[in-house]
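Inspection log for the structure reproduced underneath, given as structure tokens.
The values are calculated or read from the model by the stated rules, or taken from the named source; none is laboratory data. Every value quoted in this text rests on a predicted model; they were computed, and no experiment measured them. Ideal geometry is used to build each Cβ from the backbone, glycine not excepted, and the neighbour counts take in all protein chains shown.
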Amino acid sequence: MAMNTDRRRNNAPSGGTGAPVFARTIREPEYLENLRPSRSRGPNELRRIFLQTSIIPSASGSAYLEIPSSSPATSSTLIPPTSSLKITASIQGPKPLPRSAPFSPTLLLTTTVKFAPFATRHRRGYIRDSAERDLGVHLETALRGVIIGERWPKSGVDVVVTILEGDEDGWWGDSTSEGSATGSGWGLLNVLAGCITVASAAITDAGIDCVDVVCGGVAAITRNTESRQDKELARVLDPCPAEHKEVVAACVVGYLASRDEITEIWMKGDVGSDPDGLVEGATHAAVGSLAVVKEVLLEALQTKFQGQLEGNEGGLKRKAQDVEMTG
Amino acid sequence: MEMATATQTPPALTFPRAVFAAVAPHPFLQAHLSADKKSIRANGRTASEFRTPGINTGSLTHCNGSAVVRLGNTSVVCGVRAEILKEEDIAGTYAYAAHSADQDEEGEEEDDSEEVEGIRLLVPNVELATGSTPSHIPGTAPTTYAQTLITRLRNLLHSTCLLRASNLRILYKPSTNPENPDTEAETQLKGYWVLYLDIFFISIDGNAFDAAWISVLAALRDTLLPHAYFDEEYEGILCSDDSNEAHRLQLRGLPIPSTFAVFEGMREDDDDEDDVDWVLSDPDAFEEGVCRETVSVVVDCQGGKKGTRDLVIRRVEKSGGGVVGREMMAGLVKMSIDRWGVVEGVLSGKT
């Protein structure tokens, strides 16, 4: 467990540390089962989304997305409940490329996705790992198809996405006890969908021309082990992996609703005979989050214009106090 | 400007505010400060006005304690995460003396800085490359600024001895003494809690240090460590998930920093007697860009009532110039005391 030392940061003790083990989770299996979250939403019902734009004044555009956990938090235990999704996105640019860079006729898009160390149940490091780089590439693909890059030759834009809290790959109890959460990485799909939605809102906030507002959505096929018929598969929208004992397949899309186009698709698992149904489900989920994004962007635009109108009225009075430079 | 006059524009050329600020930041700020009689900064504050922090705690799921602090447009998230360092993994030759733990309860202060600092029980780190400012773009190693910032924060953590080692120890007292069944067994050290303090900046608009420190303080005050014990059967350290058994950290004092920037105005030849230097409290990013001299005063007034008598100066950092002398420094310390009262009020949820 020895961490590779990074001389530019403060490192943990060289012996390595471990996450605390809670006594009741290893001693009392029925207590553990008690804590298991379950889906209380309908199969086509999405979690609530909170979105806010312009949170970083020094960036040209920014947005914050939060999808609160749907399972109620229990105060009796110190074991962290299922996590919610909290993502910030910041757009720096478009700005001119450095002189040394080769000529580019279109806007150069750079996407960076980074998990905060406290984003997941297992502490993450500061140096980007392969999962984060992978997410960055997927996000870039999703955004590249939307931005009208020809309008900014010789310029670049940085899209920086920070995940303060990410969805989990499965219920934490499963990974310690039986390990039935097969084919991990389900949480990443949710995270990617969140990244696409929040980055798209931030890009719109930055005023970069796009053909449409791209939104992320996830659908999954889950196996219900409790039911009588042995293999009862169910399709759910916006799955929270911790709430399902077994996820069979999942799919995330970056979807342009008004053009009915998909810029990014990532499918995992055993899809079975009906992959189209899964993709369609994911697009439905994307349309759901689009409704929120549209409303928030419209609201932000209204307040911006309201502010400008008031600014114009007060402008005459203000002018007398303003500092003038003559030359 | 010559070009502008050449094209026969009106004789007086005026700029919109934003352009003036971007083209000539220094004269812009000076014009603001020297306008009229009362000097108002470009951001609308008076020279000695701080931004009141807004604090939100406990919003991160996977942290033992967390805080979001907003200082104007500067916003920062700090998460405290506790993990266990087992006794056999401790590097170095630190030997735990069993008796010190018993005396500690009586308020007798032990010197535990060697324990906390030497074993590295606190692991603070800061991340600026989150798109929080255009000057810190991810993909590169931490900048000098980021490294300086975290070193200052770490030094303050250690020099103020904020954390008590007794809060972080995981002790074990065997039920029977294997060597001599009649006497009580000696308390053994089984491990430590290691606190990871991760400071993530969401947005920076000046005074990153104060914001980061306030977020660390708020997160540490919010931190709840589960009750950890050595289990003989399991032969390892287990924790209780009951929140009634958990304990909070007992911090030593409440040191709060106040940062000032010194703005040196351009002196005009005819009236060089005029005072053209301003000390700006809690500078924003624009002001930091035009000021060279900065002063940081860390005070702690928790020992008693708010006032100079009960004041403890924990740290003074000053660099970049010589405008602030001895008398001015005394004034800054007084302002820091007022600032301490405001921040303390927000931290304890009074306002």
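Listing for the model above:
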read-out	value
Residues satisfying the stated conditions in region B:208-236, i.e. crowded, with 21+ Cβ neighbours inside 10 Å and touching an Asp or Glu at 6+ places or on another chain (Cβ under 8 Å)	B:210, B:226
Residues of region B:114-159 satisfying the condition of being at pLDDT 90 or above, under 29 Å from residue B:227 (Cβ atoms) and either surrounded by fewer than 19 Cβ atoms within 10 Å (Cβ to Cβ) or not aliphatic (A, V, I, L, M) (or both)	B:124, B:125, B:154, B:158
Scan of region B:200-231 for residues that are assigned to a loop (DSSP other than H, G, I, E, B), more than 18 Å from residue A:28 (Cβ to Cβ), over 15 Å from the mean Cα position of the chain (by Cα) and not hydroxyl-bearing (Ser, Thr, Tyr), ordered by number	B:205
Qualifying residue in region A:76-97 (condition: part of a loop (DSSP other than H, G, I, E, B), over 26 Å from residue B:243 (Cα atoms) and of a type outside the set (Val, Ile, Thr))	yes
Leading residue by the ranking (farthest from the other protein chains (Cβ to nearest Cβ)) among those in region B:124-141 that are closer than 20 Å to residue A:119 by Cα and touching a residue at least 12 places away in the same chain (Cβ under 8 Å)	B:128
Where residue A:123 falls short, out of the listed (1) modelled with pLDDT of 90 or more; (2) within 8 Å of another protein chain (Cβ to nearest Cβ); (3) more than 17 Å from the chain's Cα centre (by Cα)	(1)
Selection within region B:132-174 - more than 25 Å from residue B:247 (Cβ to Cβ) and aliphatic (A, V, I, L, M)	B:137, B:141, B:146, B:149, B:150
Residue tally, condition facing chain B (nearest Cβ under 7 Å), part of a loop (DSSP other than H, G, I, E, B) and free of Cβ contacts under 8 Å to residues at least 12 places away in the same chain, over region A:18-56	2
Selection within region B:225-258 - more than 14 Å from chain A (Cβ to nearest Cβ) and of a type in the set (D, E, K, R)	B:252
Hits in region B:158-210 - residues which are more than 14 Å from chain A (Cβ to nearest Cβ) and among the aromatic types (Phe, Trp, Tyr)	B:172, B:209
Members of region A:29-70 that are modelled with pLDDT of 80 or more and of a type in the set (D, E, K, R)	A:39, A:41, A:45, A:47, A:48, A:66
Options A:215, A:195: the member that is modelled with pLDDT of 90 or more, within 14 Å of chain B (Cβ to nearest Cβ) and crowded, with 23+ Cβ neighbours inside 10 Å	A:195
Condition met for residue B:207 (under 30 Å from residue B:129 (Cβ atoms) and either in contact (Cβ under 8 Å) with a residue 60 or more places away in the chain or in contact with a His (Cβ under 8 Å, 6 or more places away or on another chain) (or both))	yes
Matching entry among A:177, A:184, A:200 (being modelled with pLDDT of 90 or more and more than 14 Å from every other protein chain (Cβ to nearest Cβ))	A:200
Any hit, region A:70-82, residues being without any contact (Cβ under 8 Å) to a residue 12 or more places away in the chain, under 27 Å from residue A:285 (Cα atoms) and either touching a His at 6+ places or on another chain (Cβ under 6 Å) or facing chain B (nearest Cβ under 10 Å) (or both)	yes
